[in-house]
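The values are calculated or read from the model by the stated rules, or taken from the named source; none is laboratory data. Just so it is clear, the model here is predicted, and its values are computed rather than measured. Glycine also receives a Cβ, built like all others from the backbone with ideal geometry; neighbour counts cover every protein chain displayed. Remember, those area values only see protein heavy atoms, side chains included, never the ligands or the DNA or RNA. Shrake-Rupley method; radii C 1.70, N 1.55, O 1.52, S 1.80 Å.
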Amino acid sequence: MSGRHFYLDVGVGESRGVVTLDGRPEHLMIARDGDLQVQTLGARVAARIRSVERSLGLAFPEMGRIAEGGWVEIEVRSEGRSGKGASARWLGAAEGPSRLLAPGPNLEARLTILAKGARIERGPAARALADQAQEEVFETVFLLPGGGSIAVETTRALTAVDVDLGGRPGESAKRAAKAANLAALSHAARVLRLKGLGGLVVVDLAGRGHYGAALLAAARIAFAADNPGVALGAVSRFGTLELTIPRRARPTLDVLVGDGRGPSAITSAMALLRALEREAAGDGGGRFEAVASPEIAGAASPYLARLTGRFGARLGLRTEPNRAGFEVVRQ
């Protein structure tokens, strides 16, 4: 399936928007009940200035808390991420108290903007692709067509993309490296969008004696969808290509993970609810129970009534203290 296609999965407590590029997930957008609207992209907020860093030309507004300083109206231009707050554009003066003046575009509106008039598909296909995209967000290594792979890993300072040549049969080492590097750039662009990563990106290219002009041309095409704001550097003598990508939405992994590297309790709870819904919809007379850890059960329980209202009392939720994760069983 070539080109871009658009999908919207609406579930209990969570909606997910997916964009695919040539059949592979390119964007995953997640909106949950209870998301903090004052820090979402495009939101307009009345905020109080907490402090001003004149040497940097920065002001730090408080959104939702009392602090010293004047009241201003701001628009969120990039959402907060792990360890760092949101950034905003100054619109003018405002009056207190701190509050949301206008929400940013909701998930369906953002997906509609990306679709540019194209059809947005819903239903089982949308759910399957959203599940596929969510699984892929957690992956680190991605295979390239014809052989080789890229590994995408983040640090506090940057995102590193390592190109591994692998075995590309029938090609000389130099030709194989060129083919792998060109493929790596287009795949890296897709994966970075899927993961919602921006800022400084360093691509560690495969091989030596790189075709700098060809790689830069390929990078401009691969990352064109991230404009405006993409900046590319020349291929260095160390075989790396550096670029910066504008940060806009919160990184997808920040939405999905907990304190460690796996899914958070709320992410697992949303998956539990989808699993219960799938089993109940597929078996009109069956009774099903989700058995989960206390954290996941606690996150899922406020939403269970919405499923039982649809499917009746044949759905249940039970906590098992020593369990990791969850399981849906037929009673």
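The table for this structure:
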item: 10 Å beta-carbon shell around residue 203, net charge (K/R +1, D/E -1); result: -3
item: Rounded if a/c under 1.5, otherwise prolate or oblate - the chain, Cα gyration tensor axes; result: oblate
item: Cα-centred dipole magnitude for region 192-264, charges only on beta-carbon of K, R (+1) and D, E (-1), debye, nearest 20; result: 80
item: Solvent-accessible ranking of 204, 283, 22, largest area first, probe 1.4 Å; result: 22, 204, 283
item: GNM flexibility winner over the chain from 252, 308, 112 (Cα, springs under 10 Å); result: 308
item: Span-like helix ranges in the chain, DSSP H, alpha carbon extent 30 angstrom or more, Kyte mean at least 0.0; result: 173-195
item: Net charge, residue 149 excluded, C-beta distance under 10 Å - Lys, Arg +1, Asp, Glu -1; result: -2
item: Listed peptides 241-249, 154-162 by packing density, highest first (mean Cβ within 10 Å); result: 241-249, 154-162
item: Dipole of region 167-233, positive direction: furthest Cα of 183, 233, 203, with charges on the beta-carbon; result: 183
item: Within a Gaussian network of the chain (alpha carbon springs, distance under 10 Å), most fluctuating of 269, 128, 214; result: 214
item: Dipole magnitude of the chain, debye to nearest 20 (Cβ charges: Lys/Arg +1, Asp/Glu -1, about Cα centre); result: 600
item: Semi-axes of the equivalent ellipsoid for region 97-203, Cα gyration tensor, largest first, Å; result: 34, 19, 12
item: Positive-end extreme of charge dipole, the chain - chosen from 257, 303, 329 (charges on Cβ); result: 257
item: Hits among aspartates and glutamates - C-alpha to C-alpha of residue 116 under 15 Å, sequence gap 8 or more where chains match; result: 108
item: Region 263-331: GluC sites (Glu not before Pro) falling in loop per DSSP and having at most 13 other Cβ within 10 Å; result: none
item: Sulfur and carbon atoms: percent of accessible area, region 99-168 [1.4 Å]; result: 56
item: Residue 211 - accessible surface, heavy atoms, 1.4 Å probe, Å² rounded to 10; result: 100
item: Theoretical ellipticity at 222 nm over the chain - DSSP helices of four or more residues, -39500 (n - 2.57) apiece, nearest 500; result: -9500 deg cm²/dmol
item: Accessible area per residue in Å² at 1.4 Å probe, computed on the chain; result: 51
item: Charged-residue dipole, Cβ positions (Lys, Arg, Asp, Glu), region 154-212 about Cα centre, Debye nearest 20; result: 120
item: Candidate lysines - alpha carbon under 30 Å from residue 84, same-chain residues fewer than 8 apart omitted; result: 195
